[in-house]
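The values are calculated or read from the model by the stated rules, or taken from the named source; none is laboratory data. This structure is a prediction, so every number in the text was calculated from the model and none was measured. Ideal geometry is used to build each Cβ from the backbone, glycine not excepted, and the neighbour counts take in all protein chains shown.
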Amino acid sequence: MAKRKSKAIIRSTVEIMRERAAARAKQLRKAKANLKKATAVRSVKLKKAAAAKSNVVKKLGPRKFTPDQLEYFKKIIVEKRRDTIEELDTLKESMMDVTTGEYVSESSTYSLHMEQGTDAMEREKTFLFASRGSKFVSQLDDALARLESGTYGVCKVCQLLIPKERLEAVPTAQTCAEYKNTNKPCERGRIALGKKQ
């Protein structure tokens with residue numbers, strides 16, 4: 001009888017162990033299935049995130065100009081600078097007498113009072129144009145310095161490239177046209193600034 005009891009105990013212990021092993025195997029299969037699902041879901045999320053990032057990168061465009069493009073802009077700036085300096089020289093010649101270094105006054109002893117006023121107004125206008133030209137040359141020099149430092153064409157607000165068309169029209173531009181006109185970043189700028197926050 002003791003033998004039977006011990007066989008029954010052994011048999012019940014073996015059955016319990018088999019049941020536990022079956023339960024563990026079932027849990028393991030379930031865990032593997034859950035892991036597979038989680039991996040698939042994560043993979044889909046990563047693909048969506050990569051696609052979204054790719055779309056944003058496409059919208060934002062390149063981060064800097066190629067050396068050829070920079071050389072093209074440098075030629076534009078140097079040419080505009082040369083033309084402006086020539087205009088300034090012409091204006092200075094019309095404002096001052098080259099031999100004496102004094103303002104030119106067209107027959108002031110014989111001119112009438114109204115003609116003197118017109119002459120003064122013309123001199124003021126010429127001086128204004130010369131002042132504006134000097135300021136433009138200074139801005140062109142700043143643009144050349146930005147070209148040398150590698151920051152030319154990058155918007156001060158959002159750090160994206162200013163459109164090529166704008167730089168061709170205004171080579172001294174430091175922001176996109178929309179920001180210049182409205183004090184608000186363009187759509188690309190808003191996206192870029194949103195990414196930084």
Item to complete: Filter segment 60-70 for residues that are assigned to a helix (DSSP H, G or I) and surrounded by 12 or more Cβ atoms within 10 Å (Cβ to Cβ) and give the result.
Response: L60, Q69, L70
Worksheet entry | Single residue of segment 142-195 satisfying the filter (of a type in the set (D, E) and modelled with pLDDT of 90 or more) that is farthest from P67 (Cα to Cα) | D142
Fill in: Which listed residue is at pLDDT 85 or above and either outside the structural domain of Q174 (by TED's automatic domain parsing) or basic (K, R) (or both), from R20, R11
R20
Item to complete: Filter segment 175-195 for residues that are outside any helix (DSSP H, G or I) and buried (at least 20 other Cβ atoms within 10 Å of the Cβ) and give the result.
Response: C176, P185, C186
